[in-house]
Amino acid sequence: MSELNPELVERTAQWIAEAGVVVVFTGAGVSAESGIPTFREARSGLWAKYDPMRLATVDGFLNDPRLVWEWYAYRRKLVREKEPNPGHVSIVELEGWADELTVITQNVDSLHHRAGSTNVIELHGNITRVKCFNGSHVYPDWNDEAGKDVELPPLCEHCAQLLRPDVVWFGEQLPAGALEESFRLAESCDLMLVVGTSGNVQPAASLPAVAREAGARVIEVNPEASEITHTAHFMLRGASGEVLPEVVRELRKRT
Ligand code: BJW
């Protein structure tokens, strides 16, 4: 973390202390230190190893439902084995310094909830939930062990359609309520912290620009520059599990 500039940590703490409404917009990077792979990193990202068009689209699912189901079952198991890291925990602690703090996450891993964040919007769904193909029946907290003797993917017990993970694949609409609320918050927040996203995937990647254009202060936390670095007032360069605890320490010094 040698590149982390203490003056920028102080400025971040100052801006959080001054802000009323705070949004923390997160991506896969915030869970990287929990051992959950990101998507686009050159060597370790999921898309370096797996084809998103085969595994994260409706066409890919219809072409080989079993392959897609099994890939998600493998990732569900991984997510359940992992724990929130100091980045997630620091985001919970930031709630103590804001009048209102909302986490808008692209992640599907539940780690913000499990860390204790009270106000979380999930833009791309949640991998622990499954739903029938037309979305009428939802099964929260799916238990893969219970269905392991049936042919995969299992069928919905209500409508006999194929079950699929309740996540947003490429070409699918994001959940309307979550999307509207996220844009409303981006337009009205005082400060947006953008943590661990490459800013490649629309429409979520537009949120920081919307916030900035509406007059919010925008700070990015990422070890690497991203597609949305230019939108931020400045960047705290480093892993979120190291940078965010520094910000919390700085805030604590002030009270
Ligand atoms: C660290 C770190 C550490 C590492 N600490 N940081 C406009 C223009 C062009 C295309 C489109 C457009 N509008 C819509 C589209 C199409 C498409 C899209 O955006 N495509 C682009 C890729 C070109 N979008 C969609 O299809 C969306 N639907 C939609 O818009 O519907 C309407 C519509 C449809 C069709 C046409 C037009 C309109 C749906 C997007 C769904 C995304 N789904 C996924 C999979 C979810 C399920 C699953 O998990 O399997 O969501 S894809 C994947 O990417 C996942 C993520 O949420 C998402 C974003 O990735 P994220 O989080 O940014 O991760 P990475 O890996 O990219 O970045 C990690 C970052 O962490 C890096 O910066 C690292 O440096 C950093 N990092 N360690 C902090 N320790």
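Relative to the dominant Cα principal axis of the chain, helix 240-253 is inclined by about 40°. Charged neighbours of residue 102, selected by a Cβ distance under 11 Å, balance to -2 (K, R count +1; D, E count -1). Nearest 10 degrees, 0 to 90: what angle lies between the long axis of helix 176-188 and the longest principal axis of the chain (Cα atoms)? Here the helix axis deviates by roughly 10 degrees. Amide hydrogen proximity for residue 195: with H placed 1.01 Å from N in the peptide plane, the residues at 5 or more positions away or on another chain lying under 5 Å are 25, 26, 27, 221. Comparing 105, 38, 197 in a Gaussian network model of the chain, where Cα atoms under 10 Å apart are tied by springs, the biggest mean-square fluctuation is seen for 38.
The string of couplings for segment 219-226 from the Karplus curve (6.51, -1.76, 1.60, θ = phi - 60°) is 10, 9, 10, 5, x, 10, 5, 10 Hz, one whole number per residue in order, with x for Gly and Pro.
Of all beta bridges DSSP finds with both residues in the chain, what is the antiparallel percent, to the nearest 5?
25 percent
Multiplying each eigenvalue of the alpha-carbon gyration tensor of segment 1-149 by 5 and taking the square root yields semi-axes of 33, 18, 14 Å, largest first, rounded to whole angstroms. Computed over the chain with a Gaussian network model linking Cα atoms closer than 10 Å, the most mobile of 181, 157, 95 is 157. Decide, for segment 143-191, between rounded, prolate and oblate: order the square roots of the alpha carbon gyration tensor eigenvalues as a ≥ b ≥ c, take rounded if a/c falls under 1.5, and otherwise choose prolate if a/b is larger than b/c, else oblate. It is prolate, given that a/c is not under 1.5 and a/b is the larger ratio. Other residues lying with their Cβ under 14 Å from the Cβ of residue 219 contribute a combined charge of -3, Lys and Arg counting +1, Asp and Glu -1. Compute the long axis of helix 65-81 from its Cα atoms, compare it with the longest principal axis of the Cα atoms of the chain, and write down the angle in degrees, 0 to 90, nearest 10. Roughly 40 degrees between the two axes.
Of 143, 134, 85, the residue with the greatest mean-square motion in the GNM of the chain, using alpha carbon springs below 10 Å, is 134. Label-to-label distance, residue 114 versus residue 143, with points set 7 angstrom from Cα along the beta-carbon direction: 1.8 nm. Compute the FRET efficiency between residue 214 and residue 58 as 1/(1 + (r/R0)^6), taking r as their Cβ-Cβ distance and R0 = 30 Å, and round to the nearest 0.05. Efficiency, rounded to the nearest 0.05: 0.35.
Contact order, relative form, for segment 25-139: 23 percent (alpha carbon pairs under 8 Å, 6 or more residues apart, mean separation divided by residue count). For residue 172, the accessible area of its heavy atoms, probed at 1.4 Å with every protein chain present, is near 50 square angstrom. In summary, the chain shows an alpha-carbon radius of gyration equal to 1.04 times the 2.2 N^0.38 Å reference for compact globular proteins.
The values are calculated or read from the model by the stated rules, or taken from the named source; none is laboratory data. Worth saying up front: this structure is predicted, and the values here are computed from it rather than measured. In this analysis, Cβ positions are derived from the backbone assuming ideal geometry, glycine residues included, and neighbour counts consider all displayed protein chains. To get the accessible areas, we keep the full protein, side chains included, count just its heavy atoms, and leave off ligands, DNA and RNA. Shrake-Rupley method; radii C 1.70, N 1.55, O 1.52, S 1.80 Å.
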